[in-house]
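Asker: A single structure is presented below for examination.
The values are calculated or read from the model by the stated rules, or taken from the named source; none is laboratory data. As the structure is a prediction and not an experimental result, all values here were calculated from the model. Glycine also receives a Cβ, built like all others from the backbone with ideal geometry; neighbour counts cover every protein chain displayed.
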Amino acid sequence: MDFTAINISVHGSLNSGATASAGNESNKPCWACHGTKTGIYANQSDQPVNDHGSTYKSSPRKCEDCHINGSILFNAPGLTEHIMPGQKLTQHITQ
Ligand code: HEC
Ligand code: HEC
């Protein structure tokens, strides 16, 4: 798993409001999709000590869990386009 890549990606600051001990900061985005979340953020203290929770392999959070209006998690930007019940897709391209 490429930690550097995740941390410079669009999801690099995902879950950045979570608490983590020094040295575990780079795990924060992972916990957002793969970790236990008890409050607004998925904190280190929410994670199992020796193992991974069910969000690790069988049910990581999906795009729609965080991004669809009506079920926003982690303050993700809400989407109304590019989804099955979506609105007209508006492009933002400058030439
Ligand atoms: C935006 C959400 C998201 C983030 C952030 C994320 N993952 Fe994932 N990850 C997924 C999804 C979804 C899958 C399942 C892919 C599939 O089933 O094809 C996955 C799969 C994995 C797997 C493979 C599990 C298996 O055995 O099949 C590992 C390992 C993993 N992620 C580790 C990490 C680590 C480490 C980080 C942080 C550096 C991270 N992920 C960040 C969504 C995410
Ligand atoms: C665990 C919640 C979560 C999941 C799952 C997730 N995202 Fe995100 N996503 C976020 C958050 C939060 C941000 C805003 C990050 C920031 O502001 O730095 C974001 C930002 C983005 C952006 C940048 C939007 C912008 O306007 O800058 C894109 C594109 C994106 N996500 C696509 C996806 C796609 C595609 C998936 C599925 C593969 C996905 N996301 C899964 C939470 C999530």
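Asker: May I ask you to list the residues in segment 76-90 that are assigned to a loop (DSSP other than H, G, I, E, B), of a type in the set (A, V, I, L, M, F, W, C) and either at pLDDT 75 or above or touching a strand residue (DSSP E or B) at 6+ places or on another chain (Cβ under 6 Å) (or both)?
Answerer: Answer for segment 76-90, where residues must be assigned to a loop (DSSP other than H, G, I, E, B), of a type in the set (A, V, I, L, M, F, W, C) and either at pLDDT 75 or above or touching a strand residue (DSSP E or B) at 6+ places or on another chain (Cβ under 6 Å) (or both): Ala76, Leu89.
Asker: Considering only residues that are of a type in the set (Val, Ile, Thr), in a loop (DSSP other than H, G, I, E, B) and more than 8 Å from ligand 2 (Cβ to nearest atom), which ones fall in segment 1-36?
Answerer: Hits for segment 1-36 are Thr19, Thr36.
Asker: Which residue pairs have Cβ atoms under 7 Å apart, sit 6 or more places apart or on different chains, and have a first residue in segment 60-77 that is under 19 Å from Gly39 (Cβ atoms) and a second that is within 7 Å of ligand 2 (Cβ to nearest atom) and of a type in the set (D, E, K, R)?
Answerer: What qualifies is Ser71/Asp65; Leu73/Asp65.
Asker: Any residue at all in segment 42-62 that is more than 8 Å from ligand 1 (Cβ to nearest atom) and within 11 Å of the chain's Cα centre (by Cα)?
Answerer: yes
Asker: Can you run down the residue pairs with Cβ atoms below 6 Å, 6 or more apart or on separate chains, where the first is in segment 17-30 and closer than 9 Å to Asn7 by Cβ and the partner is away from ligand 2 (no atom under 16 Å from the Cβ)?
Answerer: Ser26/Phe3
Asker: Does segment 66-75 contain at least one residue that is of a type outside the set (A, V, I, L, M), surrounded by 16 or more Cβ atoms within 10 Å (Cβ to Cβ), modelled with pLDDT of 75 or more and over 22 Å from Glu25 (Cα atoms)?
Answerer: yes
Each row is one residue, and each column tells you yes or no for (1) modelled with pLDDT under 90; (2) of a type in the set (D, E, K, R); (3) under 13 Å from the mean Cα position of the chain (by Cα).
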{"position": "Ile6", "(1), (2), (3)": "yes, no, yes"}
{"position": "Ser9", "(1), (2), (3)": "yes, no, yes"}
{"position": "Gly12", "(1), (2), (3)": "yes, no, yes"}
{"position": "Ala22", "(1), (2), (3)": "yes, no, no"}
{"position": "Pro29", "(1), (2), (3)": "no, no, yes"}
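Asker: Could you list all residues from segment 37-59 that are of a type in the set (Lys, Arg) and near ligand 2 (Cβ under 9 Å from one of its atoms)?
Answerer: Lys37
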